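Structure first, commentary second.
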Amino acid sequence: LIDIWGNKFHQRHENESYYCNSCSRLISEALTHGGYKMIDGRYVCNLCYPNLVYEKYSIEESRRRVITQLEKVGFKNLSYDIPIILLNKSKLLELAETDYHKHLKGLTIINKIPNHRDDYNIYILDDLHQIEFDAVLAHEYLHVWQNNYNIHWNSSKSEGLSSLGSELIYKNYNNTFSIILYNNMLNNNNSIYGDGYREMKKIK
């Protein structure tokens, strides 16, 4: 068999091993020098592990990269003061209280404050690869942007527009890792995230 990176391996290894939740490589000593099982059941290979985002410095570096790229294409007035909070998978899904996306990786909660600007919190799945973290953060910042400009669409259009932020990040990186994740977006069959993204992509 040949994985998405062009690595060749015997079919029996597919039944014995796990795929990296970041890069989709088959985790093995030969291909990835092994890997790790995370607390929530995800697997990360040793090639991706050094690039996981979990430190405050890395989060703020991501924020600067993302806002800079979004502003260059016209998404202005994005705040640097919004808290970015990392959560494990179960806590993120519990906070979301929605069942239309079991593979949720980011969530923006908007607190409406009378006679004052709205308050935001951005929650992101912990232990994401830096490139994917940037893409998820860009998606969430476009939810903030929509609310700032009183754009209130249905879930499909709202998520679709926000996914254009992720697309921007992946296309700007333009490496094998980002191309794989971008293609996953294009082929997503979820009625909210997949169909909504493809609809907004046509009219952007």
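Number of residues in region 183-202 that are among the hydroxyl-bearing types (Ser, Thr, Tyr) and either over 17 Å from Leu168 (Cβ atoms) or without any contact (Cβ under 8 Å) to a residue 24 or more places away in the chain (or both) equals 1. Where strands (runs of 3 or more DSSP E) fall entirely within region 1-91, those with at least 3 residues that are in contact with a Lys or Arg (Cβ under 9 Å, 6 or more places away or on another chain) and either modelled with pLDDT of 90 or more or surrounded by fewer than 17 Cβ atoms within 10 Å (Cβ to Cβ) (or both) are at 43-45. The residues of region 147-162 that are more than 18 Å from Asn189 (Cβ to Cβ) and not hydroxyl-bearing (Ser, Thr, Tyr), listed by number, are Asn147, Asn148, Asn150, Ile151, His152, Trp153, Asn154, Leu161. Hey, does region 124-142 have a residue that's over 17 Å from Ser22 (Cα atoms) and either over 12 Å from the mean Cα position of the chain (by Cα) or among the basic types (Lys, Arg) (or both)? Yes, that holds for at least one residue.
Residues that are crowded, with 23+ Cβ neighbours inside 10 Å and of a type in the set (Asp, Glu) number at least 2 in the following helices (runs of 4 or more DSSP H) confined to region 94-186: 130-148.
The values are calculated or read from the model by the stated rules, or taken from the named source; none is laboratory data. Since this is a predicted model, take the numbers as computed values, not measurements. We place every Cβ from the backbone using ideal geometry, glycine too, and count neighbours over all the protein chains shown.
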